[in-house]
Amino acid sequence: MTWIQRHSSLVLFCSALAFAFMLAELVLRLMGIGFGNSPMESHPRLHHLHPTNYSYVVHDPAGEYGGHRVYLDHEGCRVSDPETEVSRLAASRKLAFLGDSFTEGNELAWKDSFIGLIEKANPTIRVRNFGVSSYSPMQYLAQTRKELVDYKPTDVVLQLYSNDFDSDWDYLAKANSQNLDELHSINGDGKKMMIALLRHSYLARLIRKI
């Protein structure tokens, strides 16, 4: 008698459990129910950044906001919803917005965020939301030397608050140089692969929400 035959009940239970998990994952994906709240991953140059090519339904544990979907592109930047009508007019200006969670605006749907409102009211202006929660002037400096150089904006809007400087000393300790003229990266201490994998599971995201 094989091990499987001796433990047929256990094998049947595990198989049924695995099937139930796969079915639940499939149903949640078909329904588009993938919750999240400003997910972050370690980054070797910007310390932390959103997952790339990712979307989620916003869930606030305090229940103050949520229910709308946030979309992140191949660079981890928040972008407009796919159903948003995109202007086909030639861009007269390109605006880059740097900032933290206020700029990111995850508490609101894209169309209601201030960057979304600017985009809607100005069809000849292209916008790029580089905002990420918990960013400080150190990250803005690193972004200026890479993201802004690549994007080539005509205008840059940088939103700063007095408490944005509080984390600078911690970030500076992880930077490639203490000399601001040479600073271009802030080590994010490595990506946690298991968390990154679970983040792409709609079932795991639902369990975390519950």
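The values are calculated or read from the model by the stated rules, or taken from the named source; none is laboratory data. Quick caveat: nothing in here was measured; it's all calculated off a predicted structure. Here Cβ is always computed from backbone atoms with ideal geometry, including for glycine, and neighbour counts include all displayed protein chains. The area values use the complete protein model at the heavy-atom level, side chains included, leaving out ligands, DNA and RNA. Shrake-Rupley method; radii C 1.70, N 1.55, O 1.52, S 1.80 Å.
Rounded, prolate or oblate: which fits segment 37-153 when a ≥ b ≥ c are the square roots of the eigenvalues of the alpha-carbon gyration tensor, with rounded for a/c under 1.5 and prolate only if a/b beats b/c? Working shown, then result.
Values: a/c = 1.81, a/b = 1.06, b/c = 1.71.
Oblate is the answer for segment 37-153, as a/c is 1.5 or above yet b/c matches or exceeds a/b.
Building the convex hull from the alpha-carbon atoms of the chain and averaging its projection over directions returns 16.0 nm². Packing around the peptides 150-162, 46-58, taken as the average count of other Cβ atoms within 10 Å per residue, puts them in this order, highest first: 46-58, 150-162.
Name the helices (complete DSSP H segments) of the chain with a Cα length along the long axis of 20 Å or more and a Kyte-Doolittle mean of at least -0.5, or state none.
Values: long enough: 8-31 (34 Å, 1.94).
In the chain, the long hydrophobic H runs are 8-31.
Over all Cα atoms in segment 33-92, the spread is summed up by Rg and Dmax: 13.9, 42 Å.
Given the DSSP H assignment, sum -39500 (n - 2.57) over each helix run of at least 4 residues in the chain and divide by its residue total; what's the result at 222 nm in deg cm²/dmol, nearest 500? Present the calculation step by step, with values, prior to reporting the outcome.
On the way: 9 runs with 75 residues, N = 210.
Rounded to the nearest 500, the figure is -10000 deg cm²/dmol.
Find the accessible area per residue for the chain; the probe is 1.4 Å, ligands and nucleic acids are left out, and the unit is Å².
Values: 12560 Å² over 210 residues.
Computed with neighbouring chains in place, this is 60 Å² per residue.
Cross-link partners of K209 among lysines, defined as those whose alpha carbon lies under 21 angstrom from its own and excluding same-chain residues fewer than eight positions apart: K192. Oblate is the label for segment 118-208, because the ratio a/c of its alpha-carbon gyration tensor axes (a ≥ b ≥ c) is 1.5 or higher and a/b is not greater than b/c.
Hey, got a sec? Which trypsin sites (Lys or Arg not before Pro) in segment 151-210 land in a DSSP loop and have at most 15 other Cβ atoms within 10 Å? Working shown, then result.
Working: sites: K174, K191, K192, R199, R205, R208, K209; in loops: K174, K191, K192.
Here the trypsin sites (Lys or Arg not before Pro) that fit, given the DSSP loop and packing criteria, are K174, K191, K192.
Annotation for segment 18-68 versus segment 100-143: alpha-carbon center distance of 19 Å.
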